[in-house]
Amino acid sequence: MAIKVQRAEERGKAEHDWLHTRFSFSFAKYYNPEKMNFGALRILNDDIIYPDSGFPMHPHDNMEIITIVLGGKLEHKDSMGNERIIPAGDIQRMSAGSGIMHSEFNASKTKKSFPSANMGFPERKKY
C-alpha cells in the first residue's frame, strides 16, 4: 500500500454553530473520489465540539470505532446501555457489529471537547 501525503489544507471540512470538523476521507457532504479510505481505515475525523452540544443518537454497523479524546471530555451513550464520560487522554473502542445506536456530546457546559474519530471496516467486508 503506497503512502500518500495529505496536507492539512487539503482535508474536507464542515463548520456548524456547534461543531468544527476536518475529514481525511470523503464524509458527510464532503466527497472526493480520490480520498475514500486507506486500507480498512474509512473515517479519520478531527472534531471540535462546542460546549453543551454534540451528535444525537445515530446508527453504525459492521465497523470498529475508535475515539481518542485529545482535550476536554466526551459523554458517550449507546443502545446497549453503556454510558461514560471519556476524559482527555482516554481512548474508547466500540464494535458496531450488526448495529448500534450511540450519541456523543461534549460533557462540559463551558469548555470545548476535542475528539478524533477513527472508523474502519473489517477486512472480510469489501466496500
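Filter the range 45-66 down to residues that are of a type in the set (D, E, K, R) and part of a loop (DSSP other than H, G, I, E, B) and give me whichever is nearest to residue 79 (Cα to Cα).
So the first thing to find is which residues in the range 45-66 are of a type in the set (D, E, K, R), and the list is 46-47, 52, 61, 64.
Next cut, part of a loop (DSSP other than H, G, I, E, B) only: 52, 61.
Details: 52: 21, 61: 12 Å.
Looking at residues that are of a type in the set (D, E, K, R) and part of a loop (DSSP other than H, G, I, E, B), I get 61.
So residue 76 fits all but one of (1) surrounded by fewer than 17 Cβ atoms within 10 Å (Cβ to Cβ); (2) in a strand (DSSP E or B); (3) touching a residue at least 24 places away in the same chain (Cβ under 8 Å); what number is the exception?
(1)
How about the range 23-68: which of its residues are touching a residue at least 24 places away in the same chain (Cβ under 8 Å), in contact with a Gly (Cβ under 7 Å, 6 or more places away or on another chain) and under 25 Å from residue 107 (Cβ atoms)?
59, 63, 64
Output the number of the condition that residue 42 fails; it satisfies all remaining conditions of (1) basic (Lys, Arg); (2) in a strand (DSSP E or B); (3) surrounded by fewer than 15 Cβ atoms within 10 Å (Cβ to Cβ).
(3) is the only condition that residue 42 fails.
Within the range 80-100, can you find the residues that are more than 16 Å from the chain's Cα centre (by Cα) and not in a strand (DSSP E or B)?
80, 81, 82, 97, 98, 99, listed by residue number.
For the range 15-39, name all the residues that are crowded, with 17+ Cβ neighbours inside 10 Å, among the charged types (D, E, K, R) and part of a strand (DSSP E or B).
Listed by number, the list holds a single entry, 22.
Tell me, please, whether a residue that is among the acidic types (Asp, Glu), more than 11 Å from the chain's Cα centre (by Cα) and loosely packed, with under 15 Cβ neighbours inside 10 Å can be found in the range 55-64.
Among the residues of the range 55-64, at least one is among the acidic types (Asp, Glu), more than 11 Å from the chain's Cα centre (by Cα) and loosely packed, with under 15 Cβ neighbours inside 10 Å, which makes the answer yes.
Every read-out reported here was derived from the displayed coordinates using simple, explicitly stated rules and does not represent laboratory data. Because the structure is predicted, anything quoted here is derived from the model rather than measured. Heads up, the Cβs are rebuilt from the backbone with ideal geometry, glycines too, and the neighbour counts pull from every protein chain shown.
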